[in-house]
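Read the structure below first, then the notes.
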């Protein structure tokens with residue numbers, strides 16, 4: 001009997017169902033994506049350098065400019081001019097900064113004396129910022145290809161704060177550039193283990209030297225390299241490779257030797273244009289590191305709705321700034337990046353993703369642990385920001401890889417729509433991109449009363465340019481016009497062409513009534529929060545205001561009515577009746593002139609003996625002052641004195657307790 005044929009499978013037969021394999025298709029062919037990346041990078045370089053001269057002189061920049069010339073003089077005199085290394089000289093804090101950027105730009109300015117020195121500095125600064133953006137894209141390329149590189153480069157481009165500070169931040173952006181170049185070569189180095197090439201090793205050493213040669217924080221790159229070399233070696237060969245002599249010689253030593261070579265090149269290469277490090281090669285960098293960890297600067301800052309000291313910032317200072325000043329599309333991408341370690345495990349790229357996470361978490365954790373002095377938003381951790389962008393870009397790229405048409409284009413459309421938010425801001429508020437706040441913070445309209453905006457004086461250039469273009473800066477009687485400002489270093493340069501007709505002097509915002517000014521340029525930093533809330537800034541007699549999305553950043557004031565100053569002068573002379581006659585009409589005309597109101601309250605108190613009704617006027621005036629600004633210590637003290645004179649000791653003691661808090 002012959003064997004029967006096998007039965008055909010029926011509907012009831014149970015067969016294993018194969019899992020449907022997801023086909024990963026990139027948005028663009030890789031060769032095309034590479035060409036797009038190169039094209040964007042080339043156009044971006046031209047754009048950034050060409051607009052860099054439109055940005056202002058930042059608050060710290062003149063210190064760096066002067067330091068740069070002292071560095072050049074140190075080398076020009078073969079070390080005889082020791083200004084650049086003197087701990088008691090004008091560069092007493094600057095000596096702890098590497099001299100690569102400042103020294104090279106000073107040298108360029110001397111080589112091309114016909115070009116504005118600030119234009120040279122800003123153009124070079126912009127080139128550094130561009131390089132940081134490009135190498136962030138190249139890091140993404142090393143991990144996931146050119147499509148990812150394009151996304152990261154675009155994300156970096158539309159990061160308003162990073163873009164804005166690329167023009168005039170000579171230490172934070174430039175160090176971030178060194179970090180990004182080093183990350184690129186660290187990943188290439190790890191890929192090439194156990195035998196990385198000399199070319200990669202030398203380039204990595206140069207990148208470490210670049211970062212350290214600008215700020216000592218670049219020193220962290222050496223332990224980064226050592227740590228991830230060890231982790232990569234363990235991942236490839238296991239822990240036993242370190243304890244077996246032959247395996248160590250074969251699989252560890254070739255790479256470890258290159259790690260040491262790159263570290264030595266980076267460490268000592270950073271000293272070449274750093275005079276203090278050069279004369280103290282073994283101790284100088286570590287002294288600088290300890291100073292940087294507890295930088296001796298105390299500044300009053302506005303953070304999270306409170307005015308605090310820079311030495312007393314809460315632990316979440318930098319995380320909060322990252323949360324409110326990073327575009328939403330990048331924040332969302334960063335959150336989504338948690339899938340990457342698992343998603344890229346088969347491709348053995350988890351270590352690279354872990355490396356990027358480490359470069360974010362460790363520095364921020366270290367800053368929190370050391371309770372470092374912090375101010376000026378997130379600028380101290382700009383070297384961390386590109387890693388966030390890279391992870392966000394990789395996550396978006398991975399999402400686009402997994403999706404099939406038409407969902408791929410839906411996701412792309414959502415990404416572009418979210419990118420349009422910071423893009424609009426950047427075009428609408430050029431050249432003040434760096435005061436950007438995202439939608440979580442309510443934009444700058446809500447954030448400006450809780451966080452600092454133009455801490456770097458960038459908008460002062462626009463104010464100075466407007467004043468020079470729209471006002472005739474020559475006094476009729478031949479005397480010099482008096483311009484006072486709370487941004488005196490930049491204004492000295494802006495008005496240098498007018499120095500025959502204009503003198504520039506410093507005045508704080510609070511003391512603006514104490515100077516005989518013809519014009520004032522007052523930027524918004526250090527203006528008391530209450531004054532911002534109550535729309536007292538820009539102040540009275542403002543002629544022009546520089547704004548970002550309607551929020552004032554800097555004010556140009558023309559003093560056509562000097563009664564507030566004359567009233568102050570009368571108070572100083574002890575002519576209190578004259579002070580009342582001058583200040584009463586001024587305060588009636590300008591009811592939000594907080595310091596004039598304070599002085600009027602003082603004038604009333606000084607004339608109570610001759611006119612007892614003025615005691616009540618003093619109480620009313622000073623109360624009105626404090627309704628504008630509860631943080632005015634002068635008004636609080638005077639109102640307490642007024643209550644003491646009226647016999648209300650309880651209220652007087654309460655007010656004095658506010659001062660002593």
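Here, each number is a calculation from the coordinates, and none is a lab measurement. Here the structure is a predicted model, which is why all the values come from computation and not from measurement. Methodologically, a virtual Cβ is constructed for each residue, glycine included, from the backbone with ideal geometry; neighbour enumeration extends over all protein chains shown.
Going by how many other Cβ atoms sit within 10 Å of their own, how do 582, 531, 93, 543 line up, fewest first?
93, 543, 531, 582
Run through the DSSP bridge list for the chain and note the antiparallel percent, rounded to the nearest 5.
65 percent
The list (1) 24; (2) 31; (3) 17 gives values of percent of Cα pairs over 46 Å apart, and only one came from this structure; which label was calculated from it?
(2)
Using a simple spin-label model with points 7 Å from Cα along the Cα→Cβ vector, what separation in nm is obtained for residue 471 and residue 503?
So the label points at residue 471 and residue 503 sit 1.6 nm apart.
From the helices alone, meaning DSSP H stretches of at least four residues, give me the mean residue ellipticity at 222 nm for the chain, per-run term -39500 (n - 2.57), in deg cm²/dmol to the nearest 500.
Calculated from helices alone, the mean residue ellipticity at 222 nm is -18000 deg cm²/dmol.
Calculate, for residue 575 and residue 656, the FRET efficiency according to 1/(1 + (r/R0)^6) with r their C-beta to C-beta distance and R0 25 Å; round to the nearest 0.05. Each step should come with its number before you reach the end.
Numbers: r = 28 Å, r/R0 = 1.14.
My answer for the efficiency is 0.30.
When 389, 335 are ordered from fewest to most other Cβ atoms inside 10 Å of their Cβ, what list results?
Values: 389 28, 335 12.
With the sparsest Cβ surroundings first, the list reads 335, 389.
In degrees, nearest 10, range 0 to 90: what is the angle between the Cα axis of helix 649-659 and the longest Cα principal axis of the chain?
Value to nearest ten degrees: 40.
Which whole-number percentage describes the relative contact order of the chain, with Cα contacts under 8 Å and a sequence gap of 6 or more?
Relative CO of the chain lands at 12 percent.
Given axes a ≥ b ≥ c from the Cα gyration tensor, I'd like to know whether the stretch 574-650 is rounded (a/c under 1.5), prolate (a/b larger than b/c) or oblate.
Since a/c reaches 1.5 but b/c is at least a/b, the shape of the stretch 574-650 is classed as oblate.
Where a ≥ b ≥ c are the square roots of the eigenvalues of the C-alpha gyration tensor, would you call the stretch 384-435 rounded, which needs a/c under 1.5, or, failing that, prolate if a/b is larger than b/c, or oblate?
Oblate, since a/c reaches 1.5 and b/c is not below a/b.
Tilt of helix 221-237 relative to the longest C-alpha principal axis of the chain, in degrees (0 to 90, nearest 10)?
With both axes taken from Cα atoms, the answer is about 20 degrees.
For the stretch 518-563 and the stretch 81-157, what is the separation of their Cα centres, given in Å?
With the stretch 518-563 and the stretch 81-157 each reduced to a Cα centre, they are spaced 33 Å.
Checking the a/c ratio against 1.5 first, then a/b against b/c, what shape does the Cα gyration tensor give for the stretch 460-558?
Working: a/c = 1.95, a/b = 1.64, b/c = 1.19.
Prolate, since a/c reaches 1.5 and a/b exceeds b/c.
Could you grab the relative contact order for the stretch 436-498? Cα pairs under 8 Å, six or more apart, rounded to a whole percent.
In percent, rounded to a whole number, it is 29.
What is the stretch 402-507's relative contact order, in percent, from Cα pairs under 8 angstrom and six or more apart in sequence?
18 percent
Can you give me the angle between helix 284-293 and the longest principal axis of the chain, using Cα atoms only, in degrees from 0 to 90, rounded to the nearest 10?
Helix 284-293 sits roughly 70 degrees off the main axis of the chain.
By count of other Cβ within 10 Å, fewest leading, how are 526, 355, 427, 112 ordered?
Final ranking by Cβ density, sparse to dense: 427, 112, 526, 355.
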